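The values are calculated or read from the model by the stated rules, or taken from the named source; none is laboratory data. Being a predicted model, the structure only gives us computed values, none of them experimental. Glycine also receives a Cβ, built like all others from the backbone with ideal geometry; neighbour counts cover every protein chain displayed. The protein model used for the area step is the full one, side chains on, heavy atoms only, and it has no ligands, DNA or RNA in it. Shrake-Rupley method; radii C 1.70, N 1.55, O 1.52, S 1.80 Å.
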Amino acid sequence: MVDVTIIGAGIIGSFLAHDLSKYQLRVLVLEKDSDVANEASMANSAIVHAGHDPKDGTLKAKLNVRGNRMYETVCRDLGVSYQRTSAFVVSTSKEENLILEQLYKQASDRQIPVSFLTGAEAIAKEKNLSETVIRAIELPTTAIIYPWEVAIALMEEAVLNDVTVCLNQEVRMITKSDLYYEIHTQNQTYQSRYIINAAGVHADDIYRMVSPKHAFRIIPRKGEYYVLDRLPEPLVQRVIYPVPSALGKGVLVVPTIHGNLLLGPNSSITTQKDEKNTTKEALDYVRREVSKTVRNIPMNQVIRTFAGLRPTGESGDFVIEEAQDAEHFVNVACIESPGIASAPAISEYVLTDILMKQLSMIKKETYQRRTPILDCKNLSQTERKELVKRDKTYANVICRCEQITEGEILDAIRRPLGAKSVKGVKKRVRPGMGRCQGGFCEPRVIDILARELGISALDILLDGEHSTLLMAETKEEGCISSESV
């Protein structure tokens, strides 16, 4: 029996687990995937939006502004990446200027730093803006992160403070007694006094397990992206937004912390909650749309495309509340954009406005902080030499594109909630995220995983179940065929 079970280990579930780990509570996290932050938290624009865009009076507006103000401290305390880049919202017509003026007023009313620029002033700051840009607003508190890095760090720290995380546990049925819920997965049953439903695109399915009502419905929206290689000179320094539409913030140009460039997303409704393929039509649309705001985009430098699903609700707002017909069952649902930016504030809201009114929330006297993974690229030559003296694995470069050492990979595998798959290693320390996309380093990562996990390289997974990468040993002893199954 636990006090609180969180269903879903995306960035929202991770913030909730982390914040609850500071209290004298028994907390359980159930996640259907093989790792933390594998779904919407892995495939998005990675922006901490300033809070200018959501409609007045919504939870989105309230929590986006609050979340933006919390993030820098959160990331510093966790030892994860955070970069304040600023952003432009640009208009290319008189009609768009009217929307820009409305966004400026919303930002000002919410006490978000904002300023107007003429087209010429904006282009002077960002030389690759399209010549069709006639006006812009600048939002200097806009920032970028890696959401999966934040989520993994949060959950690591939660585990250090006695939160139990059970991966590969798909919730299939929930039953209610007078005192607790029974949560049934494919092979286990768990008992919990409270449930927090943070299941992303599946949040409506989870809610229907305890309620015959249809209080909300998730309509998945697919967004598709290009990732560009590092350029000799950054194309843009800031996040570049077009004027938003009813479909969202539009197709963006986003610099990333490690120097890549992100283009996207489009927005298309899908009925499939596991549809993550990219399509030529959608990517062509992204390409056309970004050319309206930014010029000189070197599309010959694309190294990857990907797609992600947003858990869009019908109301246009987040759904964060205790279910009226299911006591002690809290929905944290329909968390689409600006969900990443709002995440720390969403967790704070759930604790202070819902749980603290019902649960005895006593702070722990001691709290253990995580030790971040070393980033050898950022060490001085002297620091690097001293590190290698202590541990020679830090002298062995595994990923040439990203300059990732064996020592960093070993740390990613061995730490709390450590990597168990190629993608798990990639999310934690980036081998495979560079120009060759794992062409050089992936076999070496497989070898390290096999050695550390004590299993055959044939059993190493790319990600979840049934994703083995190798099919058989070759005739030459000790060699493995890299042919995909």
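Distance between the C-alpha centres of the stretch 44-87 and the stretch 430-449: 32 Å, rounded to the whole angstrom.
Taking the Cβ-Cβ separation of Arg414 and His258 as r and a Förster radius of 30 Å, what is the calculated FRET efficiency to the nearest 0.05?
Taking R0 as 30 Å, the efficiency between Arg414 and His258 is 0.80.
Can you list which of the trypsin sites (Lys or Arg not before Pro) found in the stretch 193-291 are DSSP loop residues with at most 10 other C-beta atoms within 10 Å?
none
For the stretch 1-49, the list of trypsin sites (Lys or Arg not before Pro) that fall in a loop by DSSP and count at most 16 other C-beta atoms within 10 angstrom reads Lys22, Arg26. Separation of the stretch 159-197 and the stretch 314-339, taken as the distance between their Cα centroids, equals 19 angstrom.
Mean residue ellipticity at 222 nm, helices only, the chain: -8500 deg cm²/dmol; runs of at least 4 DSSP H residues each add -39,500 (n - 2.57), and the sum is divided by the number of residues. Inter-label distance, Asp162 to Ala124: 6.0 nm, where each label sits 7 Å from its Cα along the C-beta direction.
Heavy-atom surface analysis with a 1.4 Å probe gives the chain a carbon and sulfur content of 49 percent of its accessible area.
Mind giving me the nanometre distance, one decimal, between the label points for Lys385 and Asp353, set 7 Å out from Cα along Cα→Cβ? The answer from the label model is 5.6 nm.
Annotation: extensible slack from Glu101 through Lys292 equals 66.8 nm (criterion: 0.36 nm per residue apart, minus Cα-Cα distance). For the chain, the solvent-accessible area works out to 45 Å² per residue, with a probe of 1.4 Å and every protein chain left in place. Would you mind working out the magnitude of the charge dipole of the chain relative to its Cα centre, with +1 at each Lys and Arg C-beta and -1 at each Asp and Glu C-beta, to the nearest 20 Debye? Here the chain has a charge dipole of around 1020 debye.
Using C-alpha pairs under 8 Å with a sequence gap of at least 6, the mean separation divided by the residue count of the chain gives a relative contact order of 18 percent. Taking Cβ atoms as reference points and 12 Å as the exclusive limit, the residues near Tyr23 contribute a net charge of 0, counting Lys and Arg as +1 and Asp and Glu as -1.
Straightening the chain between Glu327 and His214 buys 39.1 nm, computed as 0.36 nm per residue apart minus the Cα-Cα spacing.
Modelled spin labels at Thr132 and Gln186, positioned 7 Å past Cα toward Cβ, are 4.8 nm from each other.
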